[in-house]
Amino acid sequence: SSISLIICIYSAWSTSPEWMDFLWEESPANRAKLLERELYLREWAHHIPPGCRVLDVGGGIGRFAMWCLDRGCEVELVDLDPQSLACARRHAVGRPGRLRTHLASAESLPELEPVDVAIAAELLCYVEDPGAVLTGIRRLLRPGAPLCVSVEARWGWAMAEDVPVGQIEALLTDGVVDAPGDRFVTTY
């Protein structure tokens with residue numbers, strides 16, 4: 001549920017802010033997260049022209065939003081964590097694009113003007129009704145506009161440096177990882 005996810009995110013900001021703000025150059029996750037972003041952008045960049053309007057759903061601290069801002073895009077960043085949104089606003093200072101942040105869940109997107117492209121990176125595996133989320137995103141896209149979407153790979157999760165001890169077994173059974181204080185991931 002959204003409340004459980006909010007509690008996990010709050011806990012992570014309290015105990016490991018250096019991991020949560022991975023856009024900070026000194027973060028232990030900085031290089032890996034930026035490399036991961038570049039791998040996504042190899043497939044997605046041609047769908048995100050300079051200066052376009054972008055919806056970044058569940059965009060957190062702005063991993064993709066900052067790249068878009070550097071290309072002069074107008075970004076609507078939606079996340080349900082106020083600390084992540086505040087961090088994104090700090091990272092946006094001085095960049096050529098325009099950032100607007102919205103404290104909302106993927107299930108309850110704000111009313112916005114249509115966008116040219118939407119990004120939902122590693123989001124759908126965390127929501128209860130992915131179909132409803134996709135319908136909400138579609139409502140905000142201009143006709144024919146692309147949606148760049150991914151789910152967090154369960155095998156990638158298993159290889160993460162911060163995977164809790166004892167959680168690998170969940171990947172081999174029902175595919176639902178429930179790591180208290182960490183992640184709630186549904187695999188497809």
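The values are calculated or read from the model by the stated rules, or taken from the named source; none is laboratory data. Quick caveat: nothing in here was measured; it's all calculated off a predicted structure. Note: ideal-geometry Cβ built from the backbone for every residue, glycine included; neighbour counts use all protein chains shown. Heavy atoms of the whole protein, side chains included, go into the accessibility calculation; ligands, DNA and RNA do not. Shrake-Rupley method; radii C 1.70, N 1.55, O 1.52, S 1.80 Å.
Taking the Cβ of HIS102 as the centre, find all other residues whose Cβ is under 11 Å away and add up their charges (Lys, Arg: +1; Asp, Glu: -1).
Details: positive: ARG100; negative: ASP56, GLU76, ASP79, GLU111.
Charge balance near HIS102 sits at -3.
What is the gain in length, in nm to one decimal, between ARG98 and GLU25 on full extension, counting 0.36 nm per residue of separation less the C-alpha to C-alpha distance? Walk me through the numbers before you get to the answer.
Values: separation 73, 0.36 × 73 = 26.28 nm, distance 2.23 nm.
So the extension gain works out to 24.1 nm.
Could you sort TRP67, TRP24, TRP19 by their accessible area in this structure, using a 1.4 Å probe and putting the largest first?
The ordering from most to least exposed comes out as TRP24, TRP19, TRP67.
Excluding HIS91 itself, what net charge comes from residues whose Cβ is under 12 Å from its Cβ, given Lys and Arg +1 and Asp and Glu -1? Please list the in-between numbers first.
Working: positive: ARG63, ARG89, ARG90, ARG95; negative: ASP21, GLU25, ASP70.
Neighbour charge sum, excluding HIS91 itself: +1.
Just to verify a number: FRET efficiency for GLU18 and ALA132, C-beta to C-beta distance, R0 = 35 Å, to 0.05?
Details: r = 34 Å, r/R0 = 0.98.
Working from the Cβ atoms, E equals 0.55.
By accessible area of protein heavy atoms, probe 1.4 Å, what ranking do PHE64, PHE22 get, highest first?
PHE22, PHE64
For the range 55-61, take each phi angle, set θ = phi - 60°, evaluate the Karplus expression 6.51 cos²θ - 1.76 cosθ + 1.60, and give the result in whole Hz per residue in order, putting x for glycine and proline.
Residue by residue, the range 55-61 yields 9, 10, 8, x, x, x, 7 Hz.
Sum up the charges of everything whose Cβ sits under 10 Å from the Cβ of LEU140, counting Lys and Arg as +1 and Asp and Glu as -1, but leave LEU140 out. Don't skip to the answer; put the middle values down first.
On the way: positive: ARG53, ARG138, ARG139, ARG142; negative: GLU76, GLU111, GLU113.
With Lys, Arg at +1 and Asp, Glu at -1, the net is +1.
Please list GLU74, GLU26 from largest to smallest accessible area, probe radius 1.4 Å, with all protein chains kept in place. Intermediate values should be presented prior to the final figure.
Values: GLU74 50, GLU26 130 Å².
These residues rank, largest area first, as GLU26, GLU74.
Check CYS52: other-chain or 5+ apart residues with amide H under 5 Å from its amide H, H built from backbone geometry?
Amide H neighbours of CYS52: GLU74.
Roll a 1.4 Å probe over the protein heavy atoms and report the accessible area of ARG71 in Å², nearest 10.
80
Can you list the residues, at least 5 places off or on another chain, whose amide H is less than 5 Å from the amide H of CYS148, using H built in the peptide plane?
ALA118, ILE119, ALA120
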